[in-house]
Amino acid sequence: MQVILLAGAGRMGSALLRGWIGAMGAGYHFVALDPHAGASLADIGAEPAPGSRFSHASTIRDLPSGLRPQVIVLATKPQSIGDVIADLKDRIDAETVLVSIAAGRSIRSIGKAAGTGSPVIRVMPNIGASVARAVSAGFASAGTTSQQKTLVERLFTSVGQMTWLEKEEHLHLVTAVSGSGPAYYFAFCEAMIAAAEAEGLSSETARALAIGTVTSAGQLLACHPDPVHLSATVTSPNGTTAAGLASLLSDGMLEKLSRDTISAAARRSRELSQDPEKRGNCE
């Protein structure tokens with residue numbers, strides 16, 4: 001049985017864990033290491049998936065003495081990763097795959113903290129994992145085997161989709177586009193609701209229409225991943241949609257806003273990777 005140890009079962013960590021247990025099948029022992037997550041994970045412990053195991057440890061001392069994880073997923077805040085690795089040092093060897101989902105910690109710094117020559121993989125998922133719709137991208141250190149990459153890929157494709165990057169540096173852009181991206185769509189949905197209310201719709205009607213529209217648009221994109229074509233199919237010449245789009249796209253406003261948004265988030269990701277004093281919650 002392969003052991004997957006999750007260090008940190010907060011919002012993202014617990015979303016990943018629930019997806020793994022529900023989709024990975026038999027042959028895995030999932031261990032959550034988190035002093036605060038016991039109550040929130042109680043339902044998982046009550047009904048473990050057939051052929052798999054789940055256990056929770058509040059501290060390192062609570063882990064079984066012989067437990068040797070094949071994969072350790074670091075889902076803590078970036079500034080805590082060094083301490084977690086130090087605490088787990090006795091359970092890490094050259095074959096242990098260290099997977100970090102934290103922004104702002106490079107493969108080099110994680111490998112240096114471990115000091116074991118272990119393969120290191122950085123993955124940036126997003127909160128879509130909570131509904132099995134995560135969008136993830138990863139980069140693996142040079143010593144990672146194809147089998148190790150396959151195992152990690154299976155973990156993240158069990159909660160959505162995953163792609164591999166050619167450069168670690170690109171993770172800053174991944175963080176900006178998909179890691180932080182859901183919040184941009186939520187904010188736009190909020191703005192649509194407020195605009196509809198300002199024009200006279202009730203709060204309940206505005207909310208139902210705006211949220212339903214964003215949801216249906218996402219489902220259409222999932223089935224037909226061509227936003228240019230989809231936009232054309234709902235835009236009649238000189239119609240209402242054309243008028244709205246003309247305002248939205250005037251003077252390159254939307255393009256500039258998108259560029260500024262992605263640039264700001266990517267810049268913050270780079271700052272977090274360079275200055276330990278600035279590291280905080282990267283969500």
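The values are calculated or read from the model by the stated rules, or taken from the named source; none is laboratory data. For clarity, every value in this text was computed on a predicted model and none was experimentally measured. Virtual Cβ from ideal backbone geometry, glycine too; neighbours counted across all protein chains shown. Quick note on the areas: whole protein, heavy atoms, side chains included, nothing else; ligands and nucleic acids left out. Shrake-Rupley method; radii C 1.70, N 1.55, O 1.52, S 1.80 Å.
Just the residues that are open to solvent by less than 10 Å² (accessible area, probe 1.4 Å), under 21 Å from Arg68 (Cβ atoms) and assigned to a loop (DSSP other than H, G, I, E, B), please, taken from the range 10-54.
Of everything in the range 10-54, just one residue is open to solvent by less than 10 Å² (accessible area, probe 1.4 Å), under 21 Å from Arg68 (Cβ atoms) and assigned to a loop (DSSP other than H, G, I, E, B), namely Met24.
Looking only at residues that are aliphatic (A, V, I, L, M) and in contact with a Ser or Thr (Cβ under 7 Å, 6 or more places away or on another chain) in the range 156-179, which one is most open to solvent (accessible area, probe 1.4 Å)?
Taking the range 156-179 first, the residues aliphatic (A, V, I, L, M) are 159, 162, 165, 171, 173-174, 176-177.
Now restrict to residues that are in contact with a Ser or Thr (Cβ under 7 Å, 6 or more places away or on another chain): 162, 176.
On the way: Met162: 30, Ala176: 0 Å².
If we take residues in the range 156-179 being aliphatic (A, V, I, L, M) and in contact with a Ser or Thr (Cβ under 7 Å, 6 or more places away or on another chain), then Met162 is most open to solvent (accessible area, probe 1.4 Å).
Identify the residue in the range 120-137 that is closer than 25 Å to Leu67 by Cβ and open to solvent by less than 10 Å² (accessible area, probe 1.4 Å) and, among all such residues, is nearest to the chain's Cα centre (by Cα).
Selected residue: Pro125.
Would you say Ser58 is small (Gly, Ala, Ser), open to solvent by 10 Å² or more (accessible area, probe 1.4 Å) and farther than 17 Å from Phe156 by Cβ?
Details: small (Gly, Ala, Ser): yes; open to solvent by 10 Å² or more (accessible area, probe 1.4 Å): yes; farther than 17 Å from Phe156 by Cβ: yes.
So Ser58 fits the description; yes.
Do we have Ser109 as hydroxyl-bearing (Ser, Thr, Tyr) and open to solvent by 20 Å² or more (accessible area, probe 1.4 Å) here? Spell out how you get there, then give the answer.
Numbers: hydroxyl-bearing (Ser, Thr, Tyr): yes; open to solvent by 20 Å² or more (accessible area, probe 1.4 Å): yes.
Yes: the conditions hold for Ser109.
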